[in-house]
1. Can you give me the Cα centroid spacing of segment 8-26 and segment 541-575 in angstrom?
2. Under a point spin-label approximation (7 Å from Cα along Cα-to-Cβ), what is the Ala373-Asp242 distance to one decimal in nm?
3. Just list whichever of Lys425/Lys451; Lys451/Lys558; Lys381/Lys442 have alpha carbons separated by over 20 Å in the model shown.
4. Lys/Arg Cβ at +1, Asp/Glu Cβ at -1, dipole of the chain taken about the Cα centre: which of Gln410, Val156, Gln217 is farthest positive-ward?
5. For Lys289, which lysines qualify as cross-link partners when the Cα separation must be under 24 Å and same-chain residues fewer than eight apart are set aside?
6. Can you give the helix-only mean residue ellipticity at 222 nm for the chain, where every DSSP H stretch with n ≥ 4 adds -39500 (n - 2.57) and the sum goes over all residues, rounded to the nearest 500 deg cm²/dmol?
7. Modelling each spin label as a point 7 Å along the Cα-to-Cβ direction, I'd like the Asn111/Gln288 distance in nm, to one decimal.
8. Residues with beta-carbon under 13 Å from that of Leu235, excluding Leu235: net charge, scoring Lys, Arg +1 and Asp, Glu -1?
Amino acid sequence: MSEVKEFLTDAAAMGASSATVGSVTADGDTVTVTNYRVEWSADLDAGSDDVTFRATIDVPTISLEGFARADGRYSSSRLTIPSMEASAELSGGAKETVSVDAKFTDYTATNPSWAPLPTIADDPQAPVSRFAPLAEWALTQSFDGTSLASSTVTVVAPDQTQTTETGPITSGPQKDGLLSSMEYGPTTTRGTTIMPKDPGADDASGAPEAMQMEFVQNAQKVRITNFDVRPLVALLTGKGADGSVGTLLESAVSEGFSMSFGDLVNVKIGPNRLENVTLDPSAGPVLQKLDTFVVPALQGEEPDPQTFLPFALDLYGAFGIGTFSVSDVKVSGPEGGDAAAGVPPFSVGLSQLIVEGLSSAGLDRFLIGGLEADVPGGSGKLGSFELGSLVFPARDVFMEAVMANMIGVQPDLQTTLGAIPYLGKVSVAGLEVNQDDGETFKVDLFETLLKDYIAPIPTEIAITLKGLELPVSMLGNPQTAMVLTALKADPVKADAEITLRWDEDTQRVELDENASVGGVGTLQADATLSGIPRLVFENPMRANEAIATAAVNGISLKFSDDGITSFLLGMISQQAGLETAQFVEMLSQQAAAQVNGVTGDQSFAQQVSDTLRAYLSDPKSLSISASPTNPVAVAQILGAAMTAPQALPGLINFSMSAND
């Protein structure tokens, strides 16, 4: 019994002001403690304010079956606490009082084993790391299982009061810092808060005054599997850090959540889960590193950004998330709105949100699916929005760019490019926006795929656009809108597929493009260049060197008309006061004269003129190609263009045709 009393009344070990018991009695191997009370009291220096902290724990009865002490540890076959109350209060000076009151019922632990609380030495040079023994102490706790019937926690703060009630909580077993399972809930929080008036609104604006609002939160059952505190302790203290990444949490699953703010806003979230949270302790020891910032801060010094920023990035980079998913989210306002509160009717729903493979290295996947919104001004829906294979820049390159900007030095292009994240995929599917004025914007699919990076430049890009419908009023160009409206191309309907790729083995760049706009036409393009070296991607500053090796293998363009040519011819010829046929003939003759003047090749000039005349007279399609028998060096083409333009058509085997 003396050992129990000694343990419970060791106020210094708990950092308490006092720890007392009413009585300690034994009946066989069961020890019963009554009227256990622990008090903490401290006066805190908060600048110009003196703040007082007070806290108490009151336990009417503690029962320990099979209590023992051996090898510096305590153990019990069963620990029971029928009820317990705790309270804390922070008050004084200019600070308004904040208080917390808690009640717990029917706590039971089976086969608990624990070490005495460590003594925390006072060390002004280690204001944070001196608490490292507490983190390490957590590794010594073990039990087969625990249960708590219920808990009620009430927080009273300026402008807010809330009470949280939690149902049964069970956990265990736990050994060597690994908690195998835990389950708690449901949890209900009720409270009131003061919503302040918009500080930018004057009294005559009609903006609502500050109001008191009630809120309710309901969280369904939560299940946690394999929570391992060892990687966290290693990160904080360095103890147990061996260079390997540990799994902090295997999974946490919530059955759902709802929240309401009076009658103004309602939030509902369906099942959600978090899986495979990892932690790299090599970023620590965090507590010791924090000392280097806290000690100067206590002396009124600002932290050095060149030291603090790498620390913050190290800490951020220590964590990783395997999967986080949320389903069936809905946020809605009051039916019909609430004019008095300035809240219009609205609703937003989301079928799913998924995050996969998030770490300091990048993000494997981010997905939003099944988004629907009905808000003032219109409504809309989104089938999905997805990001994939997002790679974050190397930290040293990123830091070099940041520090250069901080001191006002413009980093070189290579450093700037290296500090940019790069992406593998971005996709928008099933997007539709409906405005109250009747305008509708749609996209069936917009997707960009970027592959085979020579960081940070992709060597393959594929862009797909399907089912675009865009009102001409959204183009922002009145003249273009007028033309498209006259063509009966409102809304603008467009589709496109574009692929650009570089092959390292052949050093070829290939372009494939097919794009169409309703009422305008379709453009098909193919091009191949060879002799494009890797250094263009490794160091864009040397891209001009590729001119010495680059060659044109072939280029072809084909435009298939869908009405734009006849419309423009009619409009321009009318403005010129000519018949359309006269205008076409004039353009054809001018083209022949200009080509002949540049090349001196009358036969080629006539071919261009005849092709242009045939197309403009009956616009179906116009094809242009350059298809040399062998690749022609770009340098040779540039030289011919400057010194012997008449040789160009033959050099690249240029041809034109109409209405194929």
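The values are calculated or read from the model by the stated rules, or taken from the named source; none is laboratory data. Given the structure is predicted, the values throughout are model-derived calculations rather than measurements. Note: ideal-geometry Cβ built from the backbone for every residue, glycine included; neighbour counts use all protein chains shown. Calculation scope for accessible area: heavy atoms of the full protein, side chains included, ligands and nucleic acids excluded. Shrake-Rupley method; radii C 1.70, N 1.55, O 1.52, S 1.80 Å.
1. 87 Å
2. Computed distance between label sites Ala373 and Asp242 equals 5.0 nm.
3. Lys451/Lys558
4. So the residue we want is Gln410.
5. Lys239
6. -6500 deg cm²/dmol
7. 3.6 nm
8. Values: positive: Arg230, Lys239, Lys289; negative: Glu136, Asp228, Asp242, Asp280, Asp314.
Charge balance near Leu235 sits at -2.
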